[in-house]
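Before any comments, here is the structure.
Read-outs: derived from the displayed coordinates by stated rules, not from any lab. It should be emphasised that the depicted structure is a prediction, and the values quoted were computed from it without experimental measurement. Cβ sites come from the backbone with ideal geometry, for glycine too, and all protein chains shown count toward neighbours.
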Amino acid sequence: MRTLVKNCDGIRRRDFVRVGGLTALGLGLTDLLRLQAAAKNQSKRRQCILIWLDGGPSHLETFDPKPDTPAEVRGPFQPISTAVNGVQICELMPNTARLMNRIAIIRSVTSPLGEHNFGAHYLLTGYKPTPVVQYPSFGSVVAHMNKSDGVFPKNIAVPSFRVGGGRLSGQGFLTDSTRAFSVGGDPAKPDFRVRDLDFFPGVTDSRIDRRREFLAALDEFSRVVDNSRIASSDPQFEQAFRLVTSREAKSAFDLSQEPRDVQKRYGGRTIGQSCLLARRLIERGVPFVTVNNPGWDTHENAYTRLKEGYTGAKVPVGLIPSLDLALTALVEDLNDRGLLDETLIVVMGEFGRTPKLNTAGGRDHWPRVFSVAMAGGEVSGGQAIGTSDVVAESPKDHPITPADLAATIYTMLGIDPLHVLHTPDGRPVHLSRDGKVIRELFA
Amino acid sequence: MNLFLILAFASLSHTPTAIDFDTDVLPVITKAGCNAAACHGAAAGRGGFKLSLFGGDPAHDYDEIVNRLEGRRVNLSKPTQSLIVLKPTGELDHEGGIRLDESDAETISDWIRAGAMRQQLRRLVSLDVTPNDVIVSRFPDKVELKVEATFNDGTRRNVTREAIFYPTDPAAVQADENGKLSVRRRGRHAVVVRFLTKVRTVQLTVPLHDELVDLSKQPRNNWIDDEILATLEVLRLPPSPQADDATGLRRARLRLTGRLPLPGEVIQYMAASDPKKYQKLVNQLLRSKEFTDYWTYEFAKLLRIRSQPKEQQGALAFHQWVRQQIENKTPLNKVAVDLLTAEGDTHTNGPANFYRATKGPRDQAEYVSEVLMGVRLRCANCHNHPLDRWTQDDYHGLSAIFARIEQGRIIRVASRGEVTHPRTGQAALPRIPGQRFLNQDEDARQSLADWLLEDDNPQFAKAMVNRLWRAMMGRGLIEPTDDLRATNPATHPKLLDRITQDFVEHNYDIRHTLRLIALSAAFKRSHVASERNRADDRFCSRAIRRPLEAEVLLDAVVDVTGVSERYDGQPVGTRAVTLFNPKISSQSLDVLGRCSREDSCESSGTSAGGITQKLHLINGALINAKITAKSGRLRNAIDSGKSNSQIVNEFYLRVLGRPATHKEQTYWKQQLAADGAGERRERLEDFLWSLLSSREFSMN
């Protein structure tokens, strides 16, 4: 039973007890009050673009180069300086280096889970997988908690949410309506469109309305018979109906509406055009967009896949240069449109890669230390948080777990990490229970 | 003289019973967490100190502790100054913190004082935990466990203090270090108990409600119901009533043959007064060609039958062979032996394709263990499996068996072929997992098959029976179905054992077991929930409904609308369920989320369905083209002059397998009233569209 007993300074006892928990999160009471006030500030939208590097990106070849190590650790690339004194990143990311003031890197992320499904689950939900509860991912939680109206699904994945090997649905114990809507196709292709948004020949707006009505009636008849508690209309059908009857939706997914020079800035690969689409969706108020960029599981052939893209490429179009273009175009574009302050950008994969190159010219899974990058929103850019040891094997200081990342991401999105959800059988689940918010990240 | 006696006494009192490294020191190290996966038990060790996971390899651990690091971990002249004591007691900086209390530290230093020897005085033979099956009658409550180890020298010892307790659901059951459990949530929970390499699972059941349930009047059609009802009684979960005739017919048809019942069938069945009509129905379904087609499909998914990059003949031969086995009622154990020992031309010898399902001996080992044993061996690639008994030797040993198989168009056993064991750096010795290494001259695959299918090895039978149960009831008795292990207990362990044994006794006949399940009252229970069993998704108090599989759903849409679907390269009228290759191009099947068979399709669809599918149902060709087709059933019904109510009734029977209720008839009468033929047709199309998009249709 909770009674509200005021302290002499007017702070409610319930808050005090909460703070006890929050101190474990690394925040003090004033932080809590400030964040609560900020969260209540509805005029500030808080949206998120998660750039998911599926497969586990090598930290040594991106944000945490180790030039002073033997060749088999160092790898084939050199570091370059960035706009931030003392911070170097991989030479394949010159644009990111230039824009470093807006970007924060965390180099001491650590996890024990080196398998794709497990690692992806941990990074995307803040919890290690357990057979007992299916935890929801960030996008699904945001979709669940965002009650605003709108045509678009609240959780969208470009092009698809097939992450970590594909066994993660992302919705956890939340309802189907929170599952990411995968737009499908390849935004980089000239004929890209989201399928089935246009009416089938013969179908009109009024017929769509009628079908919606008929379907709702059928579900209602079933519901009465079943004595069930599920909503009478299927929420996924509802979302689909809304998309289909909205001109705004069709136009949002039409990349040909973007001027050519803007398209070029993002780079012509899927990740670039996916980021461009993500920006369009953010502009239209979609709270959570995942850009899924697969291919980072470079057990072999790393040089070609990371840098060139294909053997003998004159202009490198591999994973890293493509990420470099896409990420910086996105940050600058959002900034130009005055949206960067409201849009948190998170760049990560399920783990890093082995400090020592293997015999196939690649690196294998390495969760013990890896890097994550963030920008936008409340992020204070221009810093590298935490360090890995001299060979990028373990965190040297300030180890940060995926649970900490989760608590931080939720806080940045104005969501209380200790907020409790309930599974269908009544079990209470905190959004993030054990994570500590990373204070240095906040402006 | 006195001094001598005192010294003698002193040395005597410091070495009471000899401390055995394997069974006294290792348990202390394991309990302290030193050899857990997050610390020194990791594949790469930690801080230059690598122990085997949970003490699975005492010889290695002994060597590492005593001989490595120039012997500095152990100080024979000053035992308490040994690194292995100083670090975990906090005397020296230790990233892992303080792990040993005084008495544990003393055990280790005493062992060092006695010479730090490995005498292998005894070996652990068995582990008993009491109680191991508890019904907690008061709630919340505490339970105290006692753990006893039996060694090969005949000694028994209470090892509760050294055992480790892992509740699978820590929010439901909390365990302290000494085996005192505190039960916090209702339901059925498991606690895993480990001592050295042996693991036991304790089951705790807390009734879901305080009020008892009276199950005396519940239908009991066979011993499956006895077991299910016994569990419901303990849990105090009241079952829902039996489903009505129409629901029972639709469910049996779909789950045994993957097809909807025809309208005439529904009417006839509902009207029949024969009390044995359901048994007769089940028998008829089990004998039908549709049964063979559907279960070929189910096994094709399990076996991951799909074409190679440049040719389809192998997959076709494989599919045809599987179908033949099911048609001929080949006992499933014989099918397994044929698969394991197959060789030859994959284009003509179907089962040889078992060896083309994967790309290499390790993948093959994982495939064989998952499909035929229901076990995920893959964790044991890098270290001994933490939750089960499989070791790296098992994983690489099983891979070694397959290393000599040439995986091309012709499957052949080569004279050479090996995999490197990552720990030894040498060729891994072929091994039957959990059993023994194989001799040079043995036919490795035959020996594996012999072991897997011998009568007192229930592994294969259990894995298969669990899948049959899942197909019929919507959820396996063990989930996931490819993760059978002691630490992942069944919801109904006795029931699973009984069905397994019964399956073996009846010659591994799938029809026998499917009949048994189909005839149980549990199978025929309604899915409608009551207040008190609403949250149940696993104890069979009510039926679980699942979305229809992509191929079944598409076939159903074709059946209802009378408009067939064309599949690339296949004759007209081919049913999706009979397609041998999931790579046959079909946009409809892709949108409906068909399984690619890159794995055994056992996890419920993740990328399936979703808004993308709904968009396609609304605007795509799948339903729209079929309901508007001039040759389709709806158009024919309109053109032949049927009335609205006739059309409504017919399609209710076709789509939902039941007549429309009075309320529904009234509703549709209103909605379908139209000015003019054009509008009437559109309304009827919209009606049929909504039936085909409804949950009642797409679920079963």
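Over region A:272-342, what is the relative contact order in whole percent, taking alpha-carbon pairs under 8 Å and six or more residues apart?
Details: 54 pairs, mean separation 20.9, N = 71.
Across region A:272-342, relative contact order equals 29 percent.
Report, in debye and to the nearest 20, how large the dipole of region B:35-130 comes out about its Cα centre when Lys and Arg carry +1 and Asp and Glu carry -1 on their Cβ. Walk me through the numbers on the way to the answer.
Details: 12 positive and 14 negative charges, 66 e Å.
The calculation lands at about 320 debye.
Compute all pairwise cysteine Cβ distances in chain B, then list the cysteines with no distance under 4.7 Å to another cysteine.
B:34, B:39, B:379, B:382, B:540, each lacking another Cys Cβ under 4.7 Å.
Based only on Cα atoms, what Rg/Rh ratio does region B:214-356 have, Rh being taken as Kirkwood's radius?
We get a ratio of 1.11 for region B:214-356.
When the Karplus curve 6.51 cos²θ - 1.76 cosθ + 1.60 is applied with θ = phi - 60°, which whole-Hz ³J(HN,Hα) does each residue of region B:169-184 get, with x for Gly and Pro?
10, x, 6, 8, 10, 10, 10, 8, 5, 10, x, 8, 9, 10, 8, 10
Using a Förster distance of 30 Å, how high is the FRET efficiency between residue A:225 and residue B:222, based on the Cβ-Cβ distance and rounded to 0.05? Before the final figure, lay out the partial values.
On the way: r = 29 Å, r/R0 = 0.95.
Computed FRET efficiency for residue A:225 and residue B:222 comes out at 0.55.
Determine, from the Cβ-Cβ distance of residue A:175 and residue B:675 and an R0 of 60 Å, the FRET efficiency 1/(1 + (r/R0)^6), rounded to the nearest 0.05. Please report the intermediate quantities before stating the final value.
Numbers: r = 40 Å, r/R0 = 0.67.
E between residue A:175 and residue B:675, to the nearest 0.05, is 0.90.
Given the Cα-Cα distance of residue A:332 and residue A:310 and 0.36 nm per residue of separation, how much length would full extension add, in nm?
Numbers: separation 22, 0.36 × 22 = 7.92 nm, distance 2.81 nm.
That pair, residue A:332 and residue A:310, stretches by 5.1 nm at full extension.
Near the amide H of residue B:146, under 5 Å away, which other amide H atoms are found, from residues 5 or more places off or on another chain, if H is placed in the peptide plane?
Those lying under 5 Å, H to H, from residue B:146 are B:130.
Just want to confirm a number: the relative contact order over chain B, from Cα pairs under 8 angstrom separated by 6+ residues, in percent. Mind showing how you got there, number by number?
Values: 1137 pairs, mean separation 75.2, N = 700.
With pairs under 8 Å counted, the relative contact order is 11 percent.
I'd like to know how region B:137-263 sits against the 2.2 N^0.38 Å rule of thumb: what's its Cα Rg over that expected value? Please list the in-between numbers first.
On the way: Rg = 21.2 Å, N = 127, 2.2 N^0.38 = 13.9 Å.
Compared with the compact-globule rule of thumb, region B:137-263 sits at 1.53.
Collect residues whose amide H, placed 1.01 Å from N in the peptide plane, falls under 5 Å from the amide H of residue A:290; neighbours closer than 5 in sequence don't count.
A:50, A:156, A:157, A:158
How many percent of Cα pairs in region B:325-427 exceed 22 Å?
Numbers: 1834 of 5253 pairs.
The calculated P(r) of region B:325-427 puts 35 percent of pairs beyond 22 Å.
Distance cut-off 22 Å, Cα to Cα: go down the list B:31/B:146; A:314/A:356; A:250/B:630 and report the pairs above it. Spell out each step's value before the answer.
Working: B:31/B:146 16 Å; A:314/A:356 28 Å; A:250/B:630 31 Å.
From the list (B:31/B:146; A:314/A:356; A:250/B:630), the Cα-Cα distance tops 22 Å for A:314/A:356; A:250/B:630.
Using 1/(1 + (r/R0)^6) with R0 = 51 angstrom and r between the beta carbons of residue A:248 and residue A:83, what's the FRET efficiency to the nearest 0.05? Present the calculation step by step, with values, prior to reporting the outcome.
Working: r = 38 Å, r/R0 = 0.74.
Efficiency for this residue pair is about 0.85.
Average partner chain C-beta neighbours within 10 Å, per residue of A:190-197? Walk me through the numbers before you get to the answer.
Values: counts 0, 0, 0, 0, 3, 7, 13, 3.
For peptide A:190-197, the averaged partner shielding equals 3.
So for the protein assembly as shown, taking the charge dipole from beta-carbon charges (+1 Lys/Arg, -1 Asp/Glu), which of B:547, B:358, B:171 sits furthest toward the positive end?
Result: B:547, furthest along the dipole toward the positive end.
Peptide A:206-217: average number of partner chain Cβ atoms within 10 Å per residue? Each step should come with its number before you reach the end.
Details: counts 1, 5, 3, 1, 7, 8, 3, 3, 12, 9, 1, 6.
Other-chain Cβ atoms within 10 Å of each residue's Cβ, averaged: 5.
Separation between the residue B:441 and residue A:45 pseudo-spin-labels, each 7 Å from Cα along Cα→Cβ, expressed in nm?
7.8
Per-residue Cβ counts within 10 Å, from other chains only, averaged over B:526-537: what number is that? If you can, show how the numbers build up before the last one.
Details: counts 2, 2, 4, 4, 1, 1, 0, 0, 5, 4, 1, 2.
The shielding value for this peptide is 2.
Using θ = phi - 60° and the Karplus relation 6.51 cos²θ - 1.76 cosθ + 1.60, list the HN-Hα couplings for region A:299-312 in order, rounded to whole Hz, with x at every Gly or Pro.
The phi angles translate into 5, 9, 6, 4, 4, 5, 5, 7, 9, 6, x, 8, 4, x Hz.
Can you list residues from other chains, or at least 5 along the same chain, whose modelled amide H is less than 5 Å from the amide H of residue A:380?
Correct list: A:442, A:443.
Pairs A:66/A:307; B:217/B:277; B:583/B:614; B:277/B:334: which are spaced more than 25 Å apart, C-alpha to C-alpha? Write down the numbers at each step before the final one.
Working: A:66/A:307 18 Å; B:217/B:277 22 Å; B:583/B:614 23 Å; B:277/B:334 33 Å.
Cα-Cα > 25 Å for B:277/B:334; rest within.
Please go through the residue pairs A:147/B:524; B:280/B:329; B:142/B:524; B:301/B:524; B:301/B:329 and name each one whose alpha carbons sit more than 30 Å apart in this structure. Please list the in-between numbers first.
Working: A:147/B:524 40 Å; B:280/B:329 20 Å; B:142/B:524 38 Å; B:301/B:524 26 Å; B:301/B:329 19 Å.
Beyond 30 Å: A:147/B:524; B:142/B:524.
On full extension of the chain, what length is gained from residue B:699 through residue B:123, given 0.36 nm per residue of separation minus the C-alpha to C-alpha distance? Don't skip to the answer; put the middle values down first.
Numbers: separation 576, 0.36 × 576 = 207.36 nm, distance 5.37 nm.
Extending this stretch completely gives an extra 202.0 nm.
Rounded to the nearest 10 degrees, what's the angle between the helix B:677-693 long axis and the longest principal axis of chain B, both from Cα atoms, 0 to 90?
Approximately 20 degrees, to the nearest 10.
Working out 0.36 nm times the residue gap between residue B:244 and residue B:60, then minus their Cα-Cα distance, what length gain in nm do you get to one decimal?
Full extension of this stretch gives 59.9 nm more.
Can you tell me the Rg and the Dmax, both Å, for the Cα atoms in the protein assembly as shown?
31.7, 125
Against the empirical 2.2 N^0.38 Å scaling, what ratio does the C-alpha Rg of region A:303-443 come to? Spell out each step's value before the answer.
Details: Rg = 18.3 Å, N = 141, 2.2 N^0.38 = 14.4 Å.
Against the compact-globule rule of thumb, the ratio is 1.27.
Give the percent of DSSP beta bridges with both residues in chain B that are antiparallel, rounded to the nearest 5. Walk me through the numbers before you get to the answer.
Details: 41 of 44 bridges.
Among the beta bridges of chain B, antiparallel pairing accounts for roughly 95 percent.
What angle do you read, to the nearest 10 degrees and between 0 and 90, between the alpha-carbon axis of helix B:277-287 and the longest principal axis of chain B?
Result, in degrees: 80.
At a threshold of 8 angstrom on Cα-Cα distance, excluding pairs fewer than six apart, so keeping six or more, what relative contact order does chain A reach in percent? Write out the running numbers ahead of the final one.
Details: 905 pairs, mean separation 119.8, N = 443.
In percent, rounded to a whole number, it is 27.
At what distance in nm do the modelled label points of residue B:157 and residue A:443 sit from each other, each positioned 7 Å from its Cα along Cα→Cβ?
In this crude spin-label approximation the distance works out to 6.3 nm.
Go ahead and collect, in residue order, the members of region B:483-498 whose backbone nitrogen is under 18 Å from a label point 7 Å along the Cα-Cβ direction of residue B:538.
Once the point is set 7 Å along Cα→Cβ of residue B:538, B:483-497 turn out to lie under 18 Å by backbone N, inside region B:483-498.
If the only charges are +1 at each Lys and Arg Cβ and -1 at each Asp and Glu Cβ, what is the size of the charge dipole of the protein assembly as shown around the Cα centre, to the nearest 20 debye?
For this selection, approximately 2140 debye.
Can you compute the modelled spin-label distance between residue A:148 and residue A:191, with each label point 7 Å from Cα toward Cβ, in nm?
Placing both labels 7 Å along Cα→Cβ, they lie 3.6 nm apart.
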